[in-house]
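Throughout, read-outs are computed from the coordinates displayed, never taken from laboratory work. These figures come from a predicted structure and were not determined experimentally. Cβ atoms come from the backbone with ideal geometry, glycine included; neighbour counts cover every protein chain shown.
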Amino acid sequence: MNEVSTEAGLILAGILFMLGLISVLIRRNIIFMLISVEIMLNAAGLAFIVAGARWAQPDGQAMFIFIVTMAAAEVSVGLALILQIYHQIKTLDGDAATKMKG
Amino acid sequence: MTELLWLIPALPLTGALILIATKGNLPRAIAGSIGSGSVGLAAILTILVAIDFVSKGQQPIQQTLWTWINVNGFSPGVALYLDSLSLVFIFVITFVGFLIHIYSMGYMADDAGFARFFAYLNLFVCSMLILVLADNLVLMYLGWEGVGLCSYLLIGFWYEEENNGYAARKAFIITRFGDTALAIGLFMLFTSLGTLNIQEITLLAPDTWPISHKTVVAIGFLLLGGAVGKSAQLPLQTWLPDAMAGPSPVSALIHAATMVTAGVYLIARMHIIYELAPLAQTWVGVIGAITLLIAGFSALTQFDLKRVLAYSTISQIGYMFLALGIGAWSSAIFHFMIHAFFKALLFLAAGAVIYVLHHEQDMFKMGGLKNKIPVIYWTFLIGSASLAAIPFITAGFYSKDQILWLAWAGEKGNFWFYLAALIGAFVTSIYTFRMVFLTFFGEEKTHVGHHAGSLMTVPLVILAVLSLVGGFIELPHNMGHVTVFSDFLSGVLPDVETRPGVDAYEWLMQGIAAVLCLLGIYVAYFFYMKREDLRAEIKGATYQLNRFWFSGWGFDALYDAVIVRPYVYLSRVNKSDVIDKVYNGLVTISEYFHFVFARTQSGIMRWYIMGIVIGAVLILSLGLMMH
């Protein structure tokens, strides 16, 4: 495999994170917000892998497994919550959930 | 017997407490008996204690009941001190008080607040007794405040009528000014002498201050301030005419015989201060002289029977202050005692007249009662004669004459004091008999309703007898020189000296006074019986003066303009409370910022995320800038 420089990897992780972040901020649909959070998680995971490869340690890989596990759990809980919210406000528009206003 | 001294104030207090505790549920006869009986028992005890006191050569009796306060060596006790001065006062208070209680059983018989009345009266008698029996000034101040409270309660007794409440409050607030002056005087006394025990003050004061030292003069003036408040002298005299809103027995007891003489008692008791402060003593006399003239002229123009008597009281207490001012201590006390008799008589008799005329108080609507209510007429006439000081036969002559004589002949006497007192005597005679002629002579304008029972007339008779014979215990030098009264007080109060070479003029002075008294009666007779038509002419010509004197020389208007209006204006301006505005301002500002920041909590999740992101960016950039 070709050597990929650490900087490139980290830059990629950073760009992915930014994309995910902007996507969370822009999207109105709650499910798309969740997907964007996934992207951010993946970006963080990628950063760990790159760092692990740089130091030639398996810790980065271990962290990535943690992150993926956590992401799975989080998605299931998140989807359950989204279902509940949909039950309440009958729409998937994130801006409609303003009961905590003021 | 003298160890029962404490019972004398305790008995009326018990009566008051019983009547308060039973809240008016007792039958009238029992409530009245408790009320009158407690004072009657106190009167009997007074006589027994007096006999014991005199037989032991007038040794002062001190009885400490318990220590009231004990702070750093300052320990006034609840302690009673009986000497001849306080004995005279408790005799008058219990005896005249008892007669007034009996009278009230008749006068207030139809009133709903019968038991309440007697409770207040008993409480008053107890407070007044404490005032005169106290051996230290702190306990005396307790009595002082107590009588002020009871005066308020009794003036406003018929509280459903709004004006009575105003009169009661007016009395209380005006005497408050005096009380404050008195309190400051007490503070100064304590800081200088370290004690408020009266006997100790009398011993320490001459050693502490030289004559006319500024501290003792200040204390003298402050005590005078307290005295003028309670005794309704200039400048605090405006409450007494309005205090006539209370029932007549109240006017008789409080505003004639006892409470208004508390100032006289105070000054006589603290005579040592006034001997060390001649300026203050002169001013006592000046205030007395001016007040007696002002009140006398005001009494000439009144139409309400009780208001004439109120102004008359102010005037006669002016005589007592005048006597104190010229150093004639025992004369002032003698006049106090005689005045208590005839003024209480006059108020009770006036009350009886008002009672039989169904609460008609306007003299110009009375008349022709001479034959209809003979007992009341004769007792009223005797009281008026004593007030006007008709020569030889009335007690008032002996007491007032002594003051007149000493105003001229005394060492500290002064021609102006004498002249004021003389004019005052003339005016007294006129307004007194004006009152008699208008009320009892002429045609009957209001008819007599129900007659007064013996409960009301017997005390009148007893007081009338005293008003006639009470004076014979003190006859002037040239008429037998009986000095029973002044000898009795000589252990407590200093004697008065006369200027050399004046004794020859005594007959002349008495003659002048007697002539003026009779002339005054004739003047009243002339204008109110013989030539009534002239009255309208004179009134028309002097209308402004008449109105001025009628309003008490404009003092009410003066105080209204100078004190009441500015105060009301300030409270209206400050209605929204300027200081509060500062704190409310703080609240308003925080509320404003609260609303501004609350708008950031829109409930929209994306905004919150944006907030987090912005925060993270700021911190990261800060971190980067640091390195």
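Structural remarks
- Note on the range B:304-462: the alpha carbon radius of gyration divided by the globular reference 2.2 N^0.38 Å gives 1.10.
- Estimated inter-spin distance, B:Asp362 and B:His447, nm [label 7 Å along Cα→Cβ]: 2.0
- Cα-based helix-to-principal-axis angle, B:454-469 vs chain B, degrees rounded to 10: 60
- Listed residue pairs exceeding 20 Å between alpha carbons, taken from B:Lys230/B:Lys343; B:Lys306/B:Lys365; B:Lys170/B:Lys575; B:Lys370/B:Lys539: B:Lys170/B:Lys575; B:Lys370/B:Lys539
- Chain B: angle of helix B:198-208 to the longest principal axis, Cα-based, in degrees nearest 10: 80
- Extending 7 Å from the Cα toward the beta-carbon at both B:Tyr569 and B:Leu508 defines two label points whose distance is 5.5 nm.
- Dipole magnitude of the protein assembly as shown about its Cα centre (Cβ charges: Lys, Arg +1; Asp, Glu -1), debye to nearest 20: 1460
- 24 Å Cα-Cα reach of B:Lys214 towards lysines, excluding residues that sit fewer than 8 places from it in its own chain: B:Lys412
- Every helix of 4 or more DSSP H residues in chain B counts as -39500 (n - 2.57), and over all residues that averages to -23000 deg cm²/dmol at 222 nm.
- Contour minus Cα-Cα distance for B:Phe187 and B:Asp207 (0.36 nm per residue): 5.3 nm
- One decimal place: the segment B:Tyr592-B:Glu411 gains 57.3 nm when fully extended, by the rule 0.36 nm per residue minus the C-alpha distance.
- Under 5 Å between amide hydrogens, built in the peptide plane, is the criterion, and for B:Val78 it picks out B:Leu65, B:Trp66, B:Thr67, B:Trp68 among residues at least 5 positions away or on other chains.
- Phi angles of the range B:284-293 translate, via the Karplus equation with coefficients 6.51, -1.76, 1.60 and θ = phi - 60°, into HN-Hα couplings of 4, x, 4, 4, x, 5, 5, 4, 5, 6 Hz per residue; Gly and Pro are given as x.
- Taking a point 7 Å out from the Cα of B:Val484 in the direction of its Cβ, the residues of the range B:24-54 whose backbone N falls within less than 19 Å of it are B:44, B:46-54.
- Whether the range B:577-626 is rounded, prolate or oblate, judged on the alpha carbon gyration tensor where a/c under 1.5 counts as rounded: oblate
- Legend: calculated FRET efficiency, B:Gln62 to B:Ile20, from the Cβ-Cβ distance at R0 = 45 Å, rounded to 0.05, equals 0.90.
- In Å, descending, principal axis extents of the Cα set of the protein assembly as shown: 150, 63, 54
- For the range B:1-113, a simple Cβ point-charge model (Lys and Arg +1, Asp and Glu -1, everything else neutral) yields a dipole of about 120 debye relative to the Cα centre.
- Highest-first arrangement of B:135-141, B:193-199, B:210-216, where packing means the average Cβ count within 10 Å: B:135-141, B:193-199, B:210-216
- Measuring nothing but how far apart in sequence close Cα pairs (under 8 Å, 6+ apart) lie, relative to its length, chain B scores a relative contact order of 12 percent.
- Relative contact order of the range B:349-478, defined on C-alpha pairs under 8 angstrom at six or more residues apart (%): 43
- Computed on the range A:30-91, with alpha-carbon pairs under 8 angstrom and 6+ residues apart, the relative contact order is 33 percent.
- Working note: Karplus 6.51/-1.76/1.60 with θ = phi - 60° gives the range B:189-196 the couplings 4, 5, 5, 7, 10, x, 8, 10 Hz, where Gly and Pro are set to x.
- Kirkwood estimate for the range B:407-447, i.e. one over the average of 1/r between Cα atoms, Å: 12.4
- Estimated vicinal HN-Hα couplings, Hz - the range B:165-170 in sequence order (Karplus 6.51, -1.76, 1.60; Gly, Pro = x): x, 4, 4, 5, 5, 4
- Straightening the chain between B:Ile393 and B:Glu161 buys 79.3 nm, computed as 0.36 nm per residue apart minus the Cα-Cα spacing.
- For the pair A:Val75 and B:Ile423, label points projected 7 Å from Cα toward Cβ lie 11.6 nm apart.
- Rounded to 0.05, the FRET efficiency of the A:Gln57 and A:Leu83 pair, given R0 = 41 Å and the Cβ-Cβ distance, is 0.55.
- Shape parameters for chain B, alpha-carbon atoms, Rg then Dmax in Å: 30.2, 119
- Of the residues A:Leu21, B:Gly383, B:Thr175, the one whose Cα sits farthest towards the positive end of the charge dipole of the protein assembly as shown is A:Leu21 (charges of +1 on Lys and Arg Cβ, -1 on Asp and Glu Cβ, taken about the Cα centre).
- C-alpha long axis of helix B:506-525 to longest principal axis of chain B, angle in °: 80
- Sorting the Cα pairs of chain A by distance into bins of 10 Å, from 0 upward, gives 15, 35, 28, 15, 6, 1 percent per bin.
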